[in-house]
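Read the figures in this text as sums done on the coordinates, not as results from a lab. Note that the structure is a prediction, hence the values are computed from the model and not measured. Backbone-built Cβ (ideal geometry, glycine too); neighbour counts: all protein chains shown.
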Amino acid sequence: MTYQKKYLPLILGVAIAAGIFIGGKLSFSGSSDRVFTKNSKKEKLNRLIDYIDYDYVDDINTDSIVDVTVNGILENLDPHSVYIPKEEMEGVAENMKGDFVGIGVSFYPYKDSIAVIRSIEGGPSEKAGIRGGDRIVMADGDTLYGSKLRENDMVKKLKGRIDTDVKLKIFRKGEPELLDITVKRDLIPIKSVDAAYMLTKKLGYIKVNRFAETTYDEFKTGLDKLIEAGATEIALDLRDNPGGFLDTANKIVDEFLEEDKLILFTKNRRGQINKSFATDEGDFEDGKIYVLIDENSASASEIVAGAIQDNDKGTIVGRRSYGKGLVQREMELGDGSAVRLTVSRYYTPTGRSIQRPYKNGNKDYYDDYFERLESGELLDSEKIQVADSLKFTTPGGKVVYGGGGIIPDVFVPIDTSMQNETLTFLQRRGFMGYFVFEELEKDRHKYDEISRSDFIESFEVGDDMVFAFQDYLNLRTDTAITFVAYQKEIKQFIKATLGDQLFGDGAFDEIFNKSDTMIEEVIKLSDEGLAVKE
């Protein structure tokens, strides 16, 4: 009797028990007889892993094989069914939950230490007196500096259980000795509403970067602030918003739609349909709404845009959205990892699916942006391809199309001045943030007497700072960089980054939006009174 055969009953017993446990976690609504019956496909995978585990010539980490197998299976389903390894679950959960327990600082890992950009307003570090420019060098006696210390290790030492104290040693420029500051850890929000402010006397603006558990509360706070400021129209900016929780999208749409208006419906493999309707709770049902979208607006963003468009409620401004009409549910796998499995499709109120095709594989699917760019669609609305077979009509008689994203009512081409390869490179590599931090370090008190509003309205970035940034880059990159052709854009980028590090609270967007072509189009539509409204 071989080693494998001797232990086969035990292995099968464990496999069956694990299968029952995982099956229970998945919460399938189908017949339990189908879930737990003998399945040759499952046995084949279990046997293969067992053979490798016990009989393969070399020692192999079968956990990694399982990860590869799971990824391989999901890649053959659709582009949005994904595996989340155990080590990534905490970060993913925090991002979607919308908060974490920490000390409340925005920081850079700078020259092998933690350099505070600013303390989060109202957070524990601000209350304890930590300022922008401080270096956190120790936490509870552990050092937080050194070339071998990774960013994740730094963060772990600052995180902990809520209402627990962490004793910090702070280096502050100008102080002769390290400062001892104790901070009580608390819930720190991960903001999903970047900005909420008035564009004009009647037009308010809200920027939402994702749909997390806390997004609706943040959105409602911003909306209430704008209503108090006199907003009768709202520009809801969902550009570059990849989506998130469907329920959060429903709540936001409900603020704009009248009671019993259909928001969306979902359909699963068994044909089961679930419909979501607006309630009578909305606070902006009588106002005008503009929804800003682009090629990176996906999923929940498209639910919002589709519901507004199909109910003839507002005006969709921008470019064709991403085209993700699949709904995922997160399912635990029993070892700390999980899968997000596509369980249904969603449809806009007129009945259209906006999911774009993925039959040619994931690579082709994710290369769609480059295909749009090459076809000219991002510059010319006439280049958007539509299918007459996917034509739908709203109650108000407007023609809309399914099959691949939400097509805007008012098209705004991509701003080529901000799509320069150098600017894109600078944004992705974070050079601007580090440069601005170093500029502030030279003399932070220079900005002490400038209020947030004065900075946004009046502060000007001089040519000397542009040249200093140019020199900064040329010392750190292999390519000689000059900003002669787009000096104006660089000045705006520097000012917005300065505003963010000095003030936070949406200053970056408020500054950057002043020359945003899509914002300019919305203001024009508002002035002309062209927003759709029942």
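Key figures
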quantity	calculated
Span-like helix ranges in the chain, DSSP H, alpha carbon extent 18 angstrom or more, Kyte mean at least -0.5	8-26, 62-75, 487-503
Overall form of the chain per C-alpha gyration tensor (a/c, 1.5; a/b vs b/c)	oblate
From phi via Karplus (6.51, -1.76, 1.60), per-residue ³J(HN,Hα) for segment 283-292 in Hz, x at Gly/Pro	9, 10, 5, 9, x, 8, 9, 10, 10, 9
Amide H partners (placed H, <5 Å) of residue 264, local residues excluded	276
Proximal lysines relative to residue 324, as straight alpha-carbon distance under 23 Å, when same-chain residues fewer than 8 apart are discounted	97, 207, 251, 261, 267, 275, 313, 359, 363, 383, 391, 398
From the C-alpha gyration tensor of segment 135-287, square roots of 5λ in Å	43, 22, 13
Amide proton proximity set for residue 99, modelled H, under 5 Å, gap of 5+	190
Formal net charge of residues neighbouring residue 515 (Cβ-Cβ distance under 10 Å; K, R +1; D, E -1)	-2
Calculated SAXS-style log₁₀ I(q)/I(0) at q = 0.24 Å⁻¹ - segment 107-222, Debye, Cα scatterers	-1.35
Stokes-Einstein D (µm²/s) once Rh is taken as the Kirkwood radius of segment 280-432 over alpha-carbon pairs, at 10 °C in 1.306 mPa s	92
Footprinting exposure proxy for 80, 445 (fewest neighbouring C-beta atoms within 10 Å first)	445, 80
Vicinal HN-Hα couplings computed from phi for segment 391-405 (Karplus, 6.51 cos²θ - 1.76 cosθ + 1.60; Hz; Gly/Pro x)	8, 10, 10, 6, x, x, x, 7, 8, 10, 10, x, x, x, x
Share, in percent, of DSSP beta bridges within the chain that are antiparallel, nearest 5	75
Residues of type aspartates and glutamates that residue 41 reaches as a straight line, Cα spacing below 17 Å, ignoring anything fewer than 8 places off in the same chain	33, 50
Aspartates and glutamates with Cα under 12 Å of residue 86, excluding same-chain neighbours fewer than 8 positions away	63, 67, 332, 335
Taking all pairs of distinct alpha-carbon atoms in segment 418-515, Kirkwood radius in angstrom	13.9
Interchain or long-range residues, amide H under 5 Å from residue 195's placed H	207
Computed [θ] at 222 nm, helices only, for the chain once each DSSP H run of length n ≥ 4 contributes -39500 (n - 2.57)	-11500 deg cm²/dmol
Integer Hz, Karplus 6.51/-1.76/1.60 couplings in order for segment 116-133, x for Gly and Pro	6, 6, 6, 7, 5, 4, x, x, x, 5, 4, 5, 7, x, 6, 10, x, x
